[in-house]
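Notes follow the structure.
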Amino acid sequence: MSLTDRIARGLEAGWKVTDATTLTDHQTHEADVIVIGTGAGGGTTAEILAKNGLSVILVEEGRLYYQKDFTMDEHSAYASLYQEGMSRTTQDGAIAILQGRCVGGSTTVNWTSSFRTPDQTLTYWADNFGLDNLSPEAMAPWFEGREQRHTVAPWQTPPNVNNDILRQGCEQLGYSWQTIPRNVKGCWNLGYCGVGCPTNAKQGALMTTIPGALDHQARLFHGLRAERLVMDQDRIDHLQASAMGADGITPSGVTVTLKARHFVVAASAIGSPGLLLRSDIPDPHARVGKRSFIHPVNATIAQMPEKVDPFYGAPQSIYSDEFNFKNGVDGPAGFKLEVPPLHPGMSAGVIPGHGPEQIDAMAGLPWTQSVIALMRDGFHPESPGGTVTLRDDGSPVLDYPITDYLWHGLKQAYLTMAEIQFAAGASKVRLVHLDSNWYTSWGEARAAINSIAMEPHRVRLFTAHQMGGCSMGQDPQTSVVNGFGEHHQVSNLSVHDASVFPTSIGANPQLSIYALAARNSARLAAKLTS
Amino acid sequence: MLDPSAARSGDTEFARLDRRSFLKSGLGGTLFLATVSTTAGLSGCATAPAGQLDAVDTQMKTSYQFRFLTRDDIELFEALLPAMFGPALPEQPQARRLAVAGTIERIDAGIENFGPANQQELRRLFDLLTFGFTRVTIARVWSRWPNVSTTDANAFLERWRTSGIGLFNNGYIALTKISNVAFYGGHDQWHLSGYPGPPQWAVDALPQFKTA
């Protein structure tokens, strides 16, 4: 293992990595920059700053897991690698939130889809939030640079059957489809991206920017929760952090104080607003936590005459943007169509039901195909997003009401997904919805979808994409940071993650986060080294 | 569109509340469940984790140390799991007991990682279901869980699934989701979903599976 695994090798070579769950004494450390979070944003930031000669401390609440821990097992992976042991939901429980909690953040467990921010989204930001210097032309070199860093390229291997059915259905109906760019190198096409890549093929933060930062003397504390940024007059003086206990979940009582010239928050669209709120960071217009977006996702499942084996093969390789921007960027809710992998535990958790009906559905798993629709939220007045607030214990929670505007989009998505599955030869199709039966024809499905209840808790909704909550914009009255992620009120604070997006992206956000964090970190490095 | 609540079973006086605001704030449900939780605690319900169970007074294996589920919770799941998985459980009584016990252990192990906030929510849900007064009034389950038939357990699940009240749907999802993941995600149940497990050729080739 140590010969091939990048992390094991680095640890042996003397990387400065501290497992905070082993700390027994309160302590203080100092660096040029403290980076909070080790996902797409934090990893990128740490590597670029460290390579520019700045001393960096990385703080991660989750634990450092790597190849030795990635055993293609759902139970252990959900327990260790995901926020709240995979039980995170929105405040009312209506939307399940899949989010990483480990070194590498969600890039350690995502399904590798790597899209540039759509031009329509960047143009919308320029027109509506004064973000002119984020135009498609200005961003192109940053996307290109990150595509090289994370080995992003359209997937060359033929798609697995699960994904190919989306392609077939789209072809039948004349809908456009494309091959998904993935961030992998030497991928074995196994299908276990969601439980930690067992072969180190996935080029997320864990295999790229985190090792890059550690090779350049960055220090990493994992199992350490960022509690509070403490101000001294108008600047942040230090970060107060709590070491986790042996369980990785409850604080041990040991505190770590981290002092620096500059602080970069990259704790995700739920974690970053949470930290800023806990810290009472100046927020004169009460913008922190507002405009939180999630690409609400609904799904249909189909039984196919052929074997699908949806647990094997690159989980996402085909998508359709036919309906994403079709009705204009700010028209009725558009959606991107993709495919999810279906392992037995996740499928049983996602496909609602119990008793013989559920047992039959699970028995059919090898013939089961699924399509998901990702609603592009935040581009319309009736899609203002949700709000991150703090629970009594200081932990962040997202309240996300589903507006009629989104219900309309979700219904259109149900119709489209069922139509595609029948066009691809499905023998029956079912909505991931508490009231749905199996429908044996497109006509039957269409009639049922047109009358089924579109209500929270009955429509099963998911998100793996959290965005917003510390939006960027030119106007401090309506945003938290400027177009470079620099906080409007606090000069030594930046935010480098998906929380700065002023709307959702309209595509899986990982590459958008990498590119923006790289651009903003290059500027920050120049500032701090001048 | 028809008002779905009118067509569904499970309507009670709660349905007359403004459902949207009731759910939106979550306050009604939270306050109510908090009250139940406190009442249950005061009235002497088993609120401590069951720890290592004594083989004499339970059907559970004794090697597992429960860290979240109470004895009452375990009885709740012993009653619910046959309604969820009955025909998929082994016929042979001892094997059947072991499959149920193993699933309840994995439910407990899973909840341990949920973190304090979600654990608190589940605690309220389980207290509501195991505390006599609310078990009868809210879940409409008349006997204590060890005496509830699989038919009645199924009827309860069905009532909460089809209810027009989001809070009950949410309770249904919570109960079935944690049970389903614990059950179908377990190696012993992989065959039920035709899942052969990770490809053997990859297991053979990867260093993390080499025991030496």
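The values are calculated or read from the model by the stated rules, or taken from the named source; none is laboratory data. Owing to the predicted nature of the structure, the values given are computational and were not obtained by experimental measurement. Note that each Cβ is placed from the backbone with ideal geometry, even for glycine, and that neighbours are counted across all protein chains shown. All accessible areas refer to the heavy atoms of the entire protein, side chains included, with ligands and DNA or RNA removed. Shrake-Rupley method; radii C 1.70, N 1.55, O 1.52, S 1.80 Å.
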How far is the Cα center of the range A:326-377 from the Cα center of the range B:181-207, in Å?
21
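Out of the range B:114-160, which trypsin sites (Lys or Arg not before Pro) are coil in DSSP terms and have no more than 15 other C-beta atoms within 10 Å? Don't skip to the answer; put the middle values down first.
Working: sites: B:R123, B:R124, B:R135, B:R140, B:R144, B:R159; in loops: B:R140, B:R144.
Here the trypsin sites (Lys or Arg not before Pro) that fit, given the DSSP loop and packing criteria, are B:R140, B:R144.
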Using the alpha-carbon centroid of each, what span in Å lies between the range A:182-219 and the range B:63-110?
37
Mean Cβ neighbour count within 10 Å, used as a protection proxy, ranking A:243-254, A:153-164, B:200-211 highest first
A:153-164, A:243-254, B:200-211
What is the average number of partner chain Cβ atoms found within 10 Å of a Cβ in B:73-84?
1
Log entry, pair B-A: total buried accessible area, probe 1.4 Å, protein chains only, in Å² rounded to 100, is 4500
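Could you state the accessible area per residue of the range A:198-273 in Å², with a 1.4 Å probe and every protein chain left in place?
30
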Between 0 and 90°, nearest 10: helix A:40-51 axis offset from chain A longest Cα axis
30
Can you give me the accessible area per residue for the range A:408-516, using a 1.4 Å probe, in Å²?
24
List the residues of the range A:49-81 that lose 20 Å² or more of accessible area once all protein chains are present, compared with their chain alone (1.4 Å probe, heavy atoms only, no ligands or nucleic acids).
A:Q67, A:T71, A:M72, A:D73, A:H75, A:A79
The set of residues whose placed amide H lies less than 5 Å from the amide H of A:I372, leaving out same-chain residues fewer than 5 positions away, is A:E338, A:V339
Cα centre as origin, Lys/Arg/Asp/Glu Cβ charges: the protein assembly as shown dipole, Debye:
300
Restricting to chain A, compute how many DSSP beta bridges are antiparallel as a %, nearest 5.
65
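Just the number, please: carbon plus sulfur as a percent of the accessible area of chain A, 1.4 Å probe, no ligands or DNA/RNA counted. Don't skip to the end; give the middle numbers.
On the way: 8210 of 16770 Å².
Carbon and sulfur: 49 percent of the exposed surface of chain A.
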In degrees from 0 to 90, rounded to the nearest 10, what is the angle of the helix A:136-149 Cα long axis to the longest principal axis of chain A?
80
What are the residues whose amide H is under 5 Å from the amide H of A:N492, where those residues sit 5 or more places off or on another chain and H is modelled from the backbone?
A:I236
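Evaluate peptide A:454-460: per residue, the Cβ atoms of other protein chains within 10 Å of its Cβ; return the mean as an integer.
On the way: counts 2, 8, 7, 11, 9, 0, 3.
Whole-number average of other-chain Cβ neighbours for A:454-460 is 6.
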Counting only trypsin sites (Lys or Arg not before Pro) that sit in a DSSP loop (anything but H, G, I, E, B) with at most 13 other Cβ atoms within 10 Å, what is the longest stretch of chain A containing none of them?
A:1-306
Identify, among A:A286, A:F501, A:S55, the residue whose Cα sits farthest towards the positive end of the charge dipole of chain A, taking +1 on the Cβ of Lys and Arg and -1 on the Cβ of Asp and Glu, with the dipole about the Cα centre.
A:S55
Selection from B:Q120, A:M304, A:N163 lying farthest towards where the dipole of the protein assembly as shown points positive, charges on Cβ
A:N163
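Of all GluC sites (Glu not before Pro) in the range B:64-112, which ones are in loop regions per DSSP and have a Cβ with at most 15 other Cβ atoms within 10 Å? Write down the numbers at each step before the final one.
On the way: sites: B:E75, B:E78, B:E91, B:E105, B:E112; in loops: B:E91.
Here the sparse-neighbourhood loop sites are B:E91.
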As straight-line cross-link partners of A:K336, the qualifying aspartates and glutamates (C-alpha separation under 17 Å, not fewer than 8 residues apart within one chain) are A:D119, A:D164, A:E171, A:D321, A:E322, A:D377, A:E419
With the charge dipole of the range A:352-410 built from beta-carbon charges (+1 for Lys and Arg, -1 for Asp and Glu) about the Cα centre, the Cα from A:A373, A:S383, A:I402 projecting farthest to the positive end belongs to A:A373
At A:T28 and B:S149, where each label point lies 7 Å from the Cα along Cα→Cβ, what is the point-to-point distance in nanometres?
7.1
In straight Cα distance, which lysines are under 27 Å from A:K259, not counting same-chain residues fewer than 8 positions off?
A:K16, A:K51, A:K527
Proximal lysines to A:K185, defined as alpha-carbon separation beneath 21 angstrom and excluding residues fewer than eight positions away on the same chain
A:K68, A:K202
